[in-house]
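Student: Before I ask anything, here is the structure I am working with.
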Amino acid sequence: MTLRLRSGQAALLAAVVATATLAGQGRINNGQLETRTASQPLEREIAATTARGGARWVAYRIRIAGGRRSMDCFDRARIALESATELSVLARFEGTAVVRLRTATPDCEIDAGGLPVTWLEGVKADESAAWLNSLVSGTPSTGERYDRIAKPALVALAMHEGAVATRSLVAIARDHAISRMRSDALFWLGQRAGNQAVAAIAEAIDRDPDTEVKKKAVFALSQLPKDDGVPKLIDVARNNRNAEVRKQAMFWLGQSNDPRALKFFEDVLLK
């Protein structure tokens, strides 16, 4: 049977099909959109795309790690009752050089400013995490490039699911030459439960040469699930050799409303 549609119905159907087609890319408008499947490693896909020269955006989507909260679109007319489970990563290139990184939830409306946008489908999580880590590691820790590239790349890495993302955050927290980078990585590790995260935070408290980094690591402990964080905070408050670090641990214990923290303060005050 042949279905015949009136012109108005045909236009409506075309709009529905177009909406469904663009759903994978999110709500991107005012741009020259090209979609293709990532058939080679992410870095090679980006290199092939940006080799054409000029200014363009390259974008893809990742799954958000369980328990992480994504950012909103800051649209006051929109009320999201549940957190998004995916995150769009959008990188602006001038030639082959990345000059800006943005992230957005899939329902955000994105204005591409009239530039070409290459949307990559099927990007592998581990390849995305490795590329984001390279942006963090290869970007200066101060100035415009830090704010435009390294900082959002670190946020995207923290939202990222997978072991490569966790190992990358641990490596940044442990080994990065710039204390600001180590501090920021520790903050995000505090939002990410897991044995690797706990071990990296504890190591920073014990070994990092910068007191401010140690204090950020103490805060990261306070963000862990209480059964992980509270006993370690008590240990730091009781035994760490740095008075400022002990004071920081006591402060966050006081904010925990945990019976074990109350017992610790009782023991200290009654000695």
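Student: What is the fewest-to-most order of GLU144, GLU161 by other Cβ atoms lying within 10 Å of their Cβ?
Tutor: Ordered from fewest to most neighbouring Cβ atoms within 10 Å, GLU144, GLU161 come out as GLU144, GLU161.
Student: Continuing with the same structure: How would segment 228-271 be classified by its alpha-carbon gyration tensor: rounded, prolate or oblate, with rounded meaning a/c under 1.5 and the a/b versus b/c comparison settling the rest?
Tutor: Because a/c hits 1.5 or more and a/b fails to exceed b/c, segment 228-271 counts as oblate.
Student: Can you list the aspartates and glutamates whose alpha carbon sits under 12 Å from that of LYS226, skipping same-chain ones fewer than 8 residues off?
Tutor: Cross-link targets: ASP258.
Student: On to the next question. Straight distance only, please: which lysines reach the Cα of LYS124 with their own Cα at less than 27 Å, same-chain residues fewer than 8 apart left out?
Tutor: LYS151
Student: Quick one: which residues, 5+ away or cross-chain, put their amide H under 5 Å from the amide H of VAL99? H built at 1.01 Å from N.
Tutor: The answer is ARG92, PHE93, GLU94.
Read-outs: derived from the displayed coordinates by stated rules, not from any lab. Since this is a predicted model, take the numbers as computed values, not measurements. Cβ atoms come from the backbone with ideal geometry, glycine included; neighbour counts cover every protein chain shown.
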